[in-house]
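Single-structure report; data block below.
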Protein chains: 2
Amino acid sequence: MSSPREAPRRETATVILDVAERLFAEHGFDGVSLRDITGEAGVALNLVTYHFKTKDNLLLAVFERRAGIIGTLRLDALAAVYDPAAGKVASVEELVRAFLVPLLELVAGDVPGWRSYARLVALVAHGGVGVSHPQVPLLYDDVARKYLEAFAAALPGADRDALDLAYYFLVGAMLTTYAQGGRLTALTAGRLNSDDFSRIHDHLVPFVSAGFRALGAPRSK
Amino acid sequence: MSSPREAPRRETATVILDVAERLFAEHGFDGVSLRDITGEAGVALNLVTYHFKTKDNLLLAVFERRAGIIGTLRLDALAAVYDPAAGKVASVEELVRAFLVPLLELVAGDVPGWRSYARLVALVAHGGVGVSHPQVPLLYDDVARKYLEAFAAALPGADRDALDLAYYFLVGAMLTTYAQGGRLTALTAGRLNSDDFSRIHDHLVPFVSAGFRALGAPRSK
DNA sequence: GTCTATACCGTGATAGAC
DNA sequence: GTCTATCACGGTATAGAC
């Protein structure tokens with residue numbers, strides 16, 4: 001804790017977090033050296049070791065800073081449409097929207113850091129960082145459990161495996177959206193850009209919602 | 001080309017490719033050193049440099065070896081259900097199945113190397129390797145174009161952007177399936193395993209097919 | 001053309017002075 | 001809390017043996 005009369009610069013740890021978040025998102029975890037980070041942050045190399053112990057742990061700290069925020073927003077959005085105690089049961093599409101909209105608004109609204117965070121989640125979730133950091137998924141388990149309960153209420157005919165997989169596909173489609181490696185731009189010959197999150201979202205919601213309903217009432221063959 | 005009377009060992013380059021494919025899939029690109037690969041392969045360190053120039057290029061070679069095979073299988077499966085010259089137009093579900101089944105059979109059938117390849121594709125596709133290797137997606141563009149044409153015929157009401165995005169989500173859901181970081185096992189408390197590709201597939205096909213149809217005939221709101 | 005030996009520079013991590 | 005010095009290991013380049 002710095003004394004209040006010091007120069008008005010942010011704390012060293014926060015500066016490191018900000019730079020690391022941006023650089024990891026841009027170049028991947030292994031594409032960024034601690035020297036890159038400390039160089040841009042204007043601090044000595046091993047202040048990252050002092051504040052965060054290891055490079056892996058620095059990445060985890062980047063996630064922890066935002067995972068709680070987005071998790072709370074998602075649970076708030078869920079509570080607005082699903083409240084079993086009050087007999088309020090949401091539709092599938094309302095649930096999909098409640099899950100996806102909070103992050104979309106932060107990213108599409110260019111709230112500082114969130115675009116980097118979204119891309120970084122997509123990167124790490126698919127195991128790109130080493131064999132993946134096992135602590136990261138744990139940050140999202142609470143949200144997953146509560147949404148699955150709500151989906152089960154919305155689709156009383158679906159079995160658990162089907163619902164779990166549908167949620168898995170929902171998260172996968174969202175991650176694919178934010179991974180934005182330029183693949184979408186190439187695939188559409190430039191008509192769609194990976195940055196058009198709002199337009200992607202307009203298609204993503206009905207796509208995933210229809211998928212959920214299909215698993216809720218399985219088709220023959 | 002070795003002379004036919006030599007000792008019956010595989011070519012050095014092939015041994016390196018096999019080991020690299022497996023280790024990259026297990027530990028990620030940056031989680032494996034050239035010394036790990038050459039050590040297991042029983043060859044000298046810089047034979048990888050000699051045969052493949054760089055580590056990046058070695059990864060590309062791993063992809064090239066299998067991308068052509070799976071691409072041909074997918075196009076064959078497409079031709080079996082979609083032949084506009086003969087007036088044969090496939091259903092959405094037939095197309096989804098044609099796209100997904102070839103890789104599933106290779107992986108679920110434990111054909112050597114394909115499980116590693118599938119996981120590796122998922123890893124690289126989401127940019128986990130550095131900022132991703134831009135040459136890799138090009139290996140799949142031809143298949144994408146031909147399937148999109150078939151989907152357009154199956155869903156005459158859909159606009160191009162919706163179809164492109166649906167294909168994008170299809171690939172994303174497939175990649176999520178094969179990324180198998182153990183996330184699914186955790187999410188389902190062990191009831192579903194990331195290795196149950198056949199069971200995942202049984203849900204994936206109707207999920208994605210319903211999504212396609214939803215984009216083909218957009219819902220209100 | 002195929003392979004071995006060696007060296008170079010950048011990396012993450014650590015120890016200890018201030 | 002911060003900095004300097006140092007370490008072992010990473011990918012890569014080269015020179016030369018066969």
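The values are calculated or read from the model by the stated rules, or taken from the named source; none is laboratory data. Remember, predicted model here, so these are calculated numbers, not experimental data. Ideal geometry is used to build each Cβ from the backbone, glycine not excepted, and the neighbour counts take in all protein chains shown.
Got a sec? Which of B:G172, B:G109 is in contact with a helix residue (DSSP H, G or I) (Cβ under 6 Å, 6 or more places away or on another chain), small (G, A, S) and without any contact (Cβ under 8 Å) to a residue 24 or more places away in the chain? Spell out the reasoning first.
Values: B:G109 fails: in contact with a helix residue (DSSP H, G or I) (Cβ under 6 Å, 6 or more places away or on another chain).
Matching residue, one of B:G172, B:G109: B:G172.
Every residue in the range B:72-128 that is assigned to a loop (DSSP other than H, G, I, E, B) and surrounded by 16 or more Cβ atoms within 10 Å (Cβ to Cβ), please. Write out each step before concluding.
If we filter the range B:72-128 for residues that are assigned to a loop (DSSP other than H, G, I, E, B), which is where we start, we get B:82, B:87, B:89-91, B:109-113, B:126-128.
B:Y82, B:A90, B:G113, B:H126, B:G127, B:G128, listed by residue number.
Results for (1) over 30 Å from A:D30 (Cα atoms); (2) in contact with a Gly (Cβ under 9 Å, 6 or more places away or on another chain); (3) away from chain A (no Cβ under 14 Å), shown as yes or no for each residue.
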position: B:V62; (1), (2), (3): no, no, yes
position: B:S91; (1), (2), (3): yes, no, no
position: B:E105; (1), (2), (3): yes, no, yes
position: B:W114; (1), (2), (3): no, no, yes
position: B:V124; (1), (2), (3): no, yes, no
position: B:P134; (1), (2), (3): no, yes, no
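The residue that is nearest to the other protein chains (Cβ to nearest Cβ), among those in the range A:16-56 that are surrounded by fewer than 17 Cβ atoms within 10 Å (Cβ to Cβ) and assigned to a loop (DSSP other than H, G, I, E, B), is A:G31. Within the range A:14-32, the residues that satisfy the criterion of being of a type in the set (G, A, S) and modelled with pLDDT under 95 are A:A25, A:G28, A:G31. Consider only pairs whose beta carbons are under 9 Å apart and that are at least six residues apart or on different chains; among these, list those whose first residue lies in the range B:181-202 and is touching a residue at least 40 places away in the same chain (Cβ under 8 Å) and whose second residue is among the polar types (S, T, N, Q) and in a loop (DSSP other than H, G, I, E, B). Filtered contacts from the range B:181-202: B:F197/B:Q180. Among residues belonging to the range A:26-64 that are within 9 Å of DNA strand C (Cβ to nearest atom) and of a type in the set (F, W, Y), point out the one that is farthest from A:W114 (Cα to Cα). Among residues in the range A:26-64 that are within 9 Å of DNA strand C (Cβ to nearest atom) and of a type in the set (F, W, Y), the one farthest from A:W114 (Cα to Cα) is A:Y50. Scanning the range B:24-35 for residues that are within 10 Å of DNA strand D (Cβ to nearest atom) and more than 18 Å from A:D56 (Cβ to Cβ) yields B:L34, B:R35.
Looking across B:A150, B:A154, B:A162, one residue alone is of a type in the set (A, V, I, L, M) and facing another protein chain (nearest Cβ under 10 Å). It is B:A162. Just one of the listed residues (A:T14, A:T38) is over 20 Å from A:L175 (Cβ atoms), without any contact (Cβ under 8 Å) to a residue 12 or more places away in the chain and within 16 Å of DNA strand D (Cβ to nearest atom), namely A:T14. Considering (1) at the interface with chain A (Cβ under 8 Å from one of its Cβ atoms); (2) surrounded by fewer than 17 Cβ atoms within 10 Å (Cβ to Cβ), the lone condition that B:Y168 does not fulfil carries the number (2).
Out of A:L45, A:L59, which single residue is within 16 Å of DNA strand D (Cβ to nearest atom) and within 18 Å of A:L23 (Cα to Cα)? A:L45 is the lone residue from the list that is within 16 Å of DNA strand D (Cβ to nearest atom) and within 18 Å of A:L23 (Cα to Cα). Taken over the range A:171-191, the criterion of being more than 14 Å from B:G172 (Cβ to Cβ), within 8 Å of chain B (Cβ to nearest Cβ) and of a type in the set (A, V, I, L, M) is satisfied by A:A186 alone. Within this structure, A:A67 fails the test of being touching a residue at least 24 places away in the same chain (Cβ under 8 Å), closer than 30 Å to A:F151 by Cβ and either within 15 Å of DNA strand C (Cβ to nearest atom) or in contact with a Pro (Cβ under 9 Å, 6 or more places away or on another chain) (or both).
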